[in-house]
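*Asks:* One structure follows; several queries about it will come next.
The values are calculated or read from the model by the stated rules, or taken from the named source; none is laboratory data. In this text, all values refer to a predicted model and were calculated from it rather than measured experimentally. All Cβ positions, even for glycine, are placed from backbone atoms using ideal geometry, and neighbour counts span all protein chains on display. All accessible areas refer to the heavy atoms of the entire protein, side chains included, with ligands and DNA or RNA removed. Shrake-Rupley method; radii C 1.70, N 1.55, O 1.52, S 1.80 Å.
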Amino acid sequence: MQKHPAAMFALGKRPARAGAIQMKLGRYLTSSLPKPPDPRNFGHANAIGTNGWGMLGNDQYGDCVWAGAAHEHMLMAALSHSAVTFTDKGVLAAYSAVTGFDPRDPSTDQGTDMQQAASYRRKTGIKDSKGHVHKVSAYLEVSKHSLDQVADAAFLFGAVGIGILFPDSAMDQFNRGQPWDVVKHDKAPEGGHYIPCVGFEGGNLVCVSWGRKQLMTPAFLAKYCDEAVAYVNPEYLVAGKTPEGFDATQLTADLAQL
């Protein structure tokens with residue numbers, strides 16, 4: 001697990017593995033699916049209050065993949081008109097279950113593989129503060145090289161999980177309340193980070209990181225994103241479709257064949 005020396009925030013995403021996720025979002029994107037009415041401005045970041053996201057352990061430990069998962073479930077619940085909260089303990093329990101993390105042993109704090117986390121979220125799920133289990137019914141690889149596909153995923157599914165290689169300058173920008181943007185001659189990233197993208201604002205991606213909204217420029221995404229995942233969340237579906245019109249029927253049938 002890596003921490004930036006200027007702030008008590010942890011990273012925690014393991015390196016991307018090419019081909020780890022078999023289902024590809026591009027297969028299911030058809031011309032009949034709706035597009036954001038304004039591709040520069042859409043999303044639901046304000047569905048959770050400014051102080052409502054919570055750190056969920058990611059200020060101390062490299063559980064960003066799990067904190068992000070909890071944030072995604074919180075948002076889907078809010079969009080379905082219910083309130084769901086998570087605790088540090090519950091989120092760290094999922095981190096432990098998949099990776100063997102033990103808070104008493106710093107050597108076990110080595111981060112999480114995004115595909116392994118997605119598989120666990122589909123098969124087992126993570127518990128909220130009341131002990132209720134939240135699962136995803138499917139997950140798909142989003143093309144990290146396609147801003148349009150990332151935007152489509154954020155629009156159709158309410159959120160898309162972004163995995164980035166994290167440069168030092170990004171922590172400085174976060175501390176100053178600035179968007180994550182490319183800085184010339186920056187040092188090579190030493191660790192990875194996971195954040196949900198929940199929409200766009202002024203052409204920038206709207207993400208959630210370390211308990212608050214954080215903007216990311218398309219240039220930063222293009223340079224530092226090494227994987228992205230869209231999740232089908234059953235709490236967000238109505239009669240098998242997302243509110244924006246994605247029909248999960250064929251995806252569910254394909255998944256059963258794997």
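*Asks:* Select from the chain the helices, each a whole stretch of DSSP H, whose alpha-carbon atoms run 20 Å or more along the helix axis and whose Kyte-Doolittle mean is at least -1.0; answer none if there are none.
*Replies:* On the way: long enough: 64-79 (22 Å, 0.99).
Long hydrophobic helices here: 64-79.
*Asks:* Give, rounded to the nearest 20 debye, the magnitude of the charge dipole that the chain has about its Cα centre when Lys and Arg contribute +1 at Cβ and Asp and Glu contribute -1 at Cβ.
*Replies:* 220
*Asks:* Note down the accessible area of Asp186, probe 1.4 Å, to the nearest 10 Å².
*Replies:* My reading of the accessible area for Asp186 is about 50 Å².
*Asks:* Using a 1.4 angstrom probe on the protein heavy atoms only, could you order Ser107, Ser119 from most to least accessible area?
*Replies:* On the way: Ser107 75, Ser119 25 Å².
Accessible-area ranking of Ser107, Ser119, largest first: Ser107, Ser119.
*Asks:* Please work out the ratio of the alpha-carbon Rg of segment 146-238 to 2.2 N^0.38 Å and round it to two decimals.
*Replies:* For segment 146-238, the normalised Cα radius of gyration comes out at 1.07.
*Asks:* Could you please put His81, His132, His44 in sequence from largest to smallest accessible area, using a 1.4 Å probe?
*Replies:* Values: His81 170, His132 105, His44 65 Å².
Highest to lowest solvent-accessible surface, that is His81, His132, His44.
*Asks:* Can you grab the distance from the C-alpha centre of segment 128-177 to the C-alpha centre of segment 64-125, Å, no decimals?
*Replies:* 13
*Asks:* Please list, ordered by chain and number, the residues whose modelled amide H lies under 5 Å from the amide H of Glu227; skip anything fewer than 5 residues away on the same chain.
*Replies:* Distant-sequence amide H within range of Glu227: Gly163.
*Asks:* Follow-up question, since we're still on this one. Using modelled amide H (1.01 Å from N, peptide plane; none on Pro or chain starts), what sits under 5 Å from the amide H of Met23, excluding residues fewer than 5 places away?
*Replies:* Glu141
*Asks:* With every protein chain left in place and a probe of 1.4 Å, what is the accessible surface of Thr87, to the nearest 10 Å²?
*Replies:* The accessible area comes out at roughly 60 Å².
*Asks:* With θ set to phi - 60°, apply the Karplus curve 6.51 cos²θ - 1.76 cosθ + 1.60 along segment 178-191 and write out the HN-Hα couplings as whole Hz, x wherever there is a Gly or Pro.
*Replies:* With the stated coefficients, segment 178-191 comes to 9, x, 6, 9, 6, 10, 4, 6, 6, 5, 5, x, 10, x Hz.
*Asks:* Another question, then. Any chance you could look up the accessible area of Lys24 with a 1.4 Å probe, heavy atoms only, rounded to 10 Å²?
*Replies:* Per-residue accessible area (Lys24): approximately 80 Å².
*Asks:* Let me ask something else about it. Can you check what the Kirkwood hydrodynamic radius comes to for segment 1-155, Cα pairs only, in Å to one decimal?
*Replies:* By the Kirkwood definition, the hydrodynamic radius is 16.9 Å.
*Asks:* Bin width 10 Å, alpha-carbon pairs only: give the P(r) of segment 23-110 as whole percents, running from 0 to the bin holding the largest distance.
*Replies:* With 10 Å bins starting at 0, P(r) equals 15, 33, 29, 19, 4, 0.
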